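The values are calculated or read from the model by the stated rules, or taken from the named source; none is laboratory data. Model, not experiment: these values are computed from the prediction. With ideal geometry, Cβ positions are generated from the backbone for all residues, glycine too; neighbour counts draw on all protein chains shown.
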Amino acid sequence: MQWPLLKKIAFRWLFVYLLLFCLGPTANWLWRRFVPWVGDFLGVDAVYRINGSGDTTFHYVLVLSYLVLALAATFVWSLVDHKRPHYHGLYLGLRVLVRLVLGLMLITYGAAKVFPMQFPPLSLYRLVQTFGDASPMGLLWTFMGASMTYTIFCGMTELLGGVLLFFRRTTTLGALVSIAVMTQVAVLNFSYDVPVKLISCHLLAMSVFLAAADARRLANLFVLNRTAGPAPMGTVLQSPRLRRAGFVLKVLLLAVVAVASLYPSYLRSQARLVKGPLTGIWDV
């Protein structure tokens, strides 16, 4: 089927940008040299510094670099490949990449909440601190840590979305769960000035990208009260043997990531329960 010109151009840009974002961390050494050079060109200090923040000048210039490189690649790609009728195969491959990367991220974040590591139980320091002394981010960490039940619930929803994304037939449900989860995370990050706004917005956008393929069917079901037929189950792997092998590899990857994320979180959460002989508030 012939794609419209604008759809092909938009897909070329989206393909390159998401490829850079998903695979960029594998070339951190390169970006840590390239981004400061771009920062010098723009007249800003974009040197990479380890400070626990994902919203530093380095990260914003990195995203700008992704945007510009994707635009340049789209221009060249459009010149040399303008006769191609569609990119259906590349689109299916991009969906697989986005599904796996987003799923891995959600499982990792979820594991840190199921065994409360990201939001640990309130320390004595938090308990004696006044509201006026707390930063917005500190207040968020306080009210999340005040309820282990709610923290575990948030972690379970992230784990659920991540696991569903690993399988083709549950991708749409996983994308909808991920949209709900990441919308809350992004709003909290902006509302309480948590310095991971860029990553949360990207994960939300990736969730929307995965759900967009079923936008018409979802509108028919939830809004227009019309019949929503089955979605075409396109796949990159055409051979049944390759599909079975791919399924086994996904299950193994899911198991490894789940264990590698959950077990360390469990160990750290247990370590926090150990109290020293001087634990408490002392009047000296």
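Looking at Leu14, Leu102, which is the one that is surrounded by 14 or more Cβ atoms within 10 Å (Cβ to Cβ), out of contact with any helix residue (DSSP H, G or I) (no Cβ under 7 Å at 6 or more places or on another chain) and closer than 26 Å to Asn189 by Cβ?
Working: Leu102 fails: out of contact with any helix residue (DSSP H, G or I) (no Cβ under 7 Å at 6 or more places or on another chain).
It is Leu14.
Let me spell it out: the conditions are (1) touching a Lys or Arg at 6+ places or on another chain (Cβ under 8 Å); (2) in the same structural domain as Ser207 (by TED's automatic domain parsing); (3) in contact (Cβ under 8 Å) with a residue 60 or more places away in the chain; (4) crowded, with 19+ Cβ neighbours inside 10 Å, and Phe119 meets all of them except one. Which number is the exception?
(3)
Would you check if Ser65 is hydroxyl-bearing (Ser, Thr, Tyr) and surrounded by fewer than 16 Cβ atoms within 10 Å (Cβ to Cβ)?
no
Could you figure out which of (1) assigned to a helix (DSSP H, G or I); (2) surrounded by 15 or more Cβ atoms within 10 Å (Cβ to Cβ); (3) outside the structural domain of Thr157 (by TED's automatic domain parsing); (4) not small (Gly, Ala, Ser) isn't true of Asp55?
(1) is the only condition that Asp55 fails.
Would you call Tyr60 under 21 Å from the mean Cα position of the chain (by Cα) and either in contact (Cβ under 8 Å) with a residue 60 or more places away in the chain or assigned to a loop (DSSP other than H, G, I, E, B) (or both)?
yes
I'm told Gln270 meets every condition in (1) surrounded by 14 or more Cβ atoms within 10 Å (Cβ to Cβ); (2) more than 29 Å from Tyr91 (Cα to Cα) except one. Can you identify the failing condition by its number?
In the conditions (1) surrounded by 14 or more Cβ atoms within 10 Å (Cβ to Cβ); (2) more than 29 Å from Tyr91 (Cα to Cα), Gln270 misses (1) alone.
Looking at the structure I just gave you, is Ala46 closer than 21 Å to Cys201 by Cβ and either hydroxyl-bearing (Ser, Thr, Tyr) or surrounded by 14 or more Cβ atoms within 10 Å (Cβ to Cβ) (or both)?
So Ala46 passes the test.
Restricting attention to the range 267-284, which residues are in contact (Cβ under 8 Å) with a residue 12 or more places away in the chain, under 16 Å from Pro120 (Cβ atoms) and small (Gly, Ala, Ser)?
Ser269
Does the range 10-18 contain any residue that is β-branched (Val, Ile, Thr) and either more than 13 Å from Tyr87 (Cβ to Cβ) or in contact with an Asp or Glu (Cβ under 9 Å, 6 or more places away or on another chain) (or both)?
no
Within the range 150-164, can one find any residue that is touching a Pro at 6+ places or on another chain (Cβ under 6 Å), at pLDDT below 95 and assigned to a helix (DSSP H, G or I)?
Yes, some residue in the range 150-164 is touching a Pro at 6+ places or on another chain (Cβ under 6 Å), at pLDDT below 95 and assigned to a helix (DSSP H, G or I).
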